[in-house]
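Below is one structure; the comments refer to it alone.
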Amino acid sequence: MFRYKRIAVKIGSNVLTRKDGTLDITRMSALVDQIAELQKEGIEIVLISSGAVASGRSEIRPGKKLDPVSARQLYSAVGQAKLINRYYELFREHGITCGQVLTTKENFGSRTHYLNQKNCMEVMLENRVIPVVNENDTISVTELMFTDNDELSGLIAAMMGMDALIILSNVDGIYNGNPGDPGPM
């Protein structure tokens, strides 16, 4: 029987947040519970998580109208801190440590940067630390950004030699049920 040893899990913003943009802690907790169970079974997990910009947007109201790049930078700076803190607390309840890995598209274009981020995540996995990866939206500029974290998750899965990539999303695509219906995940 084939058994996965390494799995990349990508969680989309719409899965992590409520309609008002706040983090859906109940859903996050359920997802972390499942990831923790996989790790306890000996499976190495890399988590690619969206949600920073949406989370930050629910926290702060700029005093003036911002251009799209400045707004993304502001919201992601605030939201990323909120997001990783929540993951840290939820994983800690399971006795699991997670760590943040912020990357940019440029990090996949330079062999040195590529190997540095790969080595970072390898040492995290060797020490049973779950990498929580997201694009570093605070410094990414439009023409050098990933189209979305689905693209990033594919690159991470290939780089890390993952046996599977699971994308949790409710955007148009392939479903096994109505993504708008509440229910167990």
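The values are calculated or read from the model by the stated rules, or taken from the named source; none is laboratory data. Just so we're clear, the structure is a prediction, and the values are computed from it rather than from any experiment. Virtual Cβ from ideal backbone geometry, glycine too; neighbours counted across all protein chains shown. Side chains are part of the model used for accessible areas, which takes the heavy atoms of the whole protein and leaves out ligands, DNA and RNA. Shrake-Rupley method; radii C 1.70, N 1.55, O 1.52, S 1.80 Å.
When the surface is traced with a 1.4 Å probe over the full set of protein chains, D150 keeps roughly 50 Å² accessible.
For K105, a cut-off of 20 angstrom between C-alpha atoms picks up these aspartates and glutamates, skipping any fewer than 8 places away in its own chain: E122, E135, D137, E143, D148, D150, E151. Looking at the chain as a GNM with Cα springs under 10 Å, which of S169, S76, S110 has the largest mean-square fluctuation? In this elastic network of the chain, the residue with the biggest mean-square fluctuation among S169, S76, S110 is S110.
Counting only DSSP H runs of at least 4 residues, each contributing -39500 (n - 2.57), and dividing by the residue count of the chain, the helix-based mean residue ellipticity at 222 nm comes to -13500 deg cm²/dmol. Neighbours of L74 by Cβ distance under 15 Å: Lys/Arg scored +1, Asp/Glu scored -1, total +3. DSSP bridge analysis restricted to the stretch 1-144 gives an antiparallel fraction near 5%, rounded to the nearest 5. Under 12 Å from a label point 7 Å along Cα→Cβ of H94: give me every residue in the stretch 44-62 with its amide N that close. The answer is 44-47. The GluC sites (Glu not before Pro) of the stretch 74-130 that DSSP puts in a loop, and whose beta carbon has at most 13 other beta carbons within 10 Å, are E93. Alpha-carbon geometry of the chain: the Rg and the Dmax are 16.2, 58 Å, given in that order.
Over the Cα atoms of the stretch 61-128, each weighted equally, I'd like the Debye log10 I(q)/I(0) at q = 0.13, 0.14, 0.24 Å⁻¹, rounded to two decimals. Each listed q corresponds, in turn, to -0.57, -0.64, -1.04. The Cβ shell under 13 Å around R57 holds other residues with a net charge of +2, Lys and Arg each +1, Asp and Glu each -1.
Using a 10 angstrom Cβ neighbour count of at most 11 plus a DSSP loop assignment to flag exposed chymotrypsin sites (Phe, Trp or Tyr not before Pro), which longest range of the chain is free of such sites? Between the exposed loop sites, the longest stretch runs 3-174. Candidates L16, I45, A30 compared by Cα position along the dipole of the stretch 1-48: farthest toward the positive end lies I45, with charges placed on Cβ.
Gyration tensor analysis over the Cα atoms of the stretch 1-93 returns equivalent ellipsoid semi-axes of 30, 13, 10 Å (largest first, whole Å).
Net charge within 12 Å of D24 by Cβ-Cβ distance, Lys/Arg positive one each and Asp/Glu negative one each, not counting D24 itself? Result for the neighbourhood of D24: +3. Using a 10 angstrom Cβ neighbour count of at most 16 plus a DSSP loop assignment to flag exposed trypsin sites (Lys or Arg not before Pro), which longest range of the chain is free of such sites? Result for the longest clean stretch: 66-127. If r is the Cβ-Cβ distance from T26 to K5 and R0 is 35 Å, what FRET efficiency results, to the nearest 0.05? Step by step, r from the Cβ atoms, then E = 0.70.
Counting only protein heavy atoms and a probe of 1.4 Å, the accessible surface of the chain is 52% carbon and sulfur.
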